[in-house]
Each structure stands twice: as structure tokens, then as C-alpha cells.
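First comes the structure, then the notes that go with it.
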Amino acid sequence: MRKGMFKSQKGSHRIIFLGFSIIVVLLFLLFIGMLSTESSVSIAKFGLSFIISQNWNPVAGLFGALPFIYGTIVSSVIALFLGGTIGISTALFLTYYAPSWISKPLLLLVELLAAVPSVVYGLWGIFVLAPLFQSSVEPFLQHYFGFLPIFQGQFFGVGMLAAGSVLAIMILPIITSITRDVFATVPKKEQEAALGLGATKLEMIRLAVLPHSATGIFGGMMLALGRALGETMAVTMVIGNKPAISGSLFAPGYTMASVIANEFTEATTSLHISALFEIGLLLFVITMIFYYLSQLLLGKTTKNSGE
């Protein structure tokens, strides 16, 4: 009788868990459906030209999302380059070089960066980072690398470079934590074999650790990219909010998330509101694609380590 009771409880639990899973799926579908419905006016009027047009003029009823797509991609690439370089280096130091009395507090400090509200990052970017960039960093880059188009133009402080730098700090905990976990999946035998053949610790990392961890590191960076793509408040405060495409990283720009935050409360026409919803739909789809790729790559790393 107790066996039958346990089976009954197991069946009821399964139904409850299935119900919650269905609710999550329904919420996801409702979210997609709402964005698609609300953006239908813009989709019907502009079609594909909405994605490739640079003209954003709410007064004239003309809407093109290309400057915002460009700003989102450029700021996110800057964030990945800076955050990836620092995050991977930090993970290597914590895993293979730092003693435990240093690695634990340092890891805690890095992970605490994820708890800082985005508006605080934005305020820090306006009052600390932007003046520093305008007075020191951007003149230095132009003086030594001004032959590159990305380091030409006026110094504004706020702009693509500032936005990407703030995003790099915000995604640093994600990249560091995931990379450190990926390094933990590298078989000890491979590391010991490299050291046994006479390799230094740096050579062991280059020959045994990084090749084995490459897929997982890339997956972690894609997950961090999904975080960077959707960031709103901090980016809005330091990017300059100018709907234009410029080859210089010093120039102000705009992202998909920041234009929604800035203009949604001011949108008065149904076409303007629909265009903002379509930007949200594009941002949601892009973020989900990168999130799926990151989970796929991280899962592949875990599977390989188990083998």
C-alpha cells in the first residue's frame, strides 16, 4: 500500500512540475506574440527596410533601426574584447597562479561586481570614466593610433568607447566565473603530462588548458554578450544617444535598448510605438540566438570533459 502511495505522490509531483514547465513555455510564447503584435504596424509599413535604413525621424514618420543595431554591435564587441581579455586573464591567475588566500577574496570581489546596479555604473561612467576618457585615454589613443579611423575625431568622453568599457566591467564577473569553471574541467592527467615533458606552467596552459577550454570560453563569452546586448541604463547614460553611424569609437552613438528607454515615454503616434516594439523584438531574437549558442557550446565542453 505504501508503494502505491509513493507512486501516486510521484505522479502528482510530475504533473505539478510539468504544469510549471508549461507555464514558462506559455509565458515565452506570449512574450513573443505580444512583441510581434505590437510591432505589426511597423513591420507592415517598412518591411526589411526598417533593418537597413539609417533614417530615424519620428516627426516625419520615418524609422530605420540600422544606427541602433550598429551601436549595439560595436559597443558589445568592445565590451567582449576588453572584458574577455581581462576576464580570461583573471581566471587564469585565480586558477593556476594565485594562492588560496588571494584567490578566494579576489574571486569574491569580481563576483560582487555583478551585484552593482546598472544605474550606479552609469553614474560612475558619467562622472569618472567620461572625463578621464576625454582628458587622457582618447588623446593617448589618437596620438599613438590615430592612423586608424576608429581613433580619429573629436574627444567627447561619452560615446561608443565609454559605453563598451562600462559594459566590459559589467560582464567581467560572467566571463571570469564561467572561464574558471571551464578550466576546472581540464583533465589533470593532460596538465601533468605537459609538465612531465618539461613544459613550464605557461606552456602547459598554452598547450593543454586553452585548447581544451576554447569552446567553453567562447560559450561563456556568448553568454556575456547576451548580457551586454540588453543592458539599458548604464549604456544610455554614457553612449551619447545620437542615432548616427560613425567609424570613430569616440563619437556618440545609440543602442537598441537605450533608444527604447529614451523614447518610449515620448512616443505619441502608433507608428512610433510600433517601431520601438519592433526594435525590442529584434533585440529579443538576437539575444536568444546568442544565449542558445552559448548554452550549446558550454554543454559541449561539459560533455567532452566527461568523456
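Restricting region 83-100 to residues that are more than 19 Å from the chain's Cα centre (by Cα) and assigned to a helix (DSSP H, G or I) leaves a set whose member that is surrounded by the fewest Cβ atoms within 10 Å (Cβ to Cβ) is Ser100. Comparison of Gly164, Gly71, Gly153 shows that the only residue that is under 30 Å from Ala275 (Cβ atoms), of a type in the set (Gly, Ala, Ser) and not in a helix (DSSP H, G or I) is Gly153. In this structure, is Phe145 more than 23 Å from the chain's Cα centre (by Cα), closer than 18 Å to Leu82 by Cα and loosely packed, with under 12 Cβ neighbours inside 10 Å? Considered against the rule, which asks whether it is more than 23 Å from the chain's Cα centre (by Cα), closer than 18 Å to Leu82 by Cα and loosely packed, with under 12 Cβ neighbours inside 10 Å, Phe145 comes out as yes.
Only one residue in Leu30, Leu113, Leu108, Leu80 is surrounded by fewer than 12 Cβ atoms within 10 Å (Cβ to Cβ) and under 26 Å from Met170 (Cβ atoms). Which one? First the steps, then the outcome.
On the way: Leu30 fails: under 26 Å from Met170 (Cβ atoms); Leu113 fails: surrounded by fewer than 12 Cβ atoms within 10 Å (Cβ to Cβ); Leu80 fails: surrounded by fewer than 12 Cβ atoms within 10 Å (Cβ to Cβ).
Only one candidate passes the filter, namely Leu108.
Scan region 90-134 residue by residue and report those that are small (Gly, Ala, Ser), in contact with a Ser or Thr (Cβ under 9 Å, 6 or more places away or on another chain) and free of Cβ contacts under 8 Å to residues at least 24 places away in the same chain.
Of everything in region 90-134, just one residue is small (Gly, Ala, Ser), in contact with a Ser or Thr (Cβ under 9 Å, 6 or more places away or on another chain) and free of Cβ contacts under 8 Å to residues at least 24 places away in the same chain, namely Ser103.
Taken over region 267-298, residues that are without any contact (Cβ under 8 Å) to a residue 60 or more places away in the chain, over 30 Å from Thr185 (Cβ atoms) and surrounded by fewer than 19 Cβ atoms within 10 Å (Cβ to Cβ) amount to 2.
The single condition among (1) part of a helix (DSSP H, G or I); (2) farther than 19 Å from Lys242 by Cβ that Phe147 does not meet is (1). Only residues that are within 19 Å of the chain's Cα centre (by Cα) and small (Gly, Ala, Ser) were counted in region 198-256, giving 10.
Sort out which residues of region 23-63 are in contact (Cβ under 8 Å) with a residue 24 or more places away in the chain, of a type in the set (A, V, I, L, M, F, W, C) and touching a helix residue (DSSP H, G or I) at 6+ places or on another chain (Cβ under 7 Å), and write them in order of number. Within region 23-63, Leu35, Val41, Ile43, Phe50, Ile51, Trp56, Phe63 qualify.
The numbers here are math on the coordinates, done by the rules we state, and not lab data. All figures in this text were calculated on a predicted structure; none of them were measured in a lab. Here the Cβ is made from the backbone with ideal geometry for all residues, glycine too, and neighbour counts use every protein chain on show.
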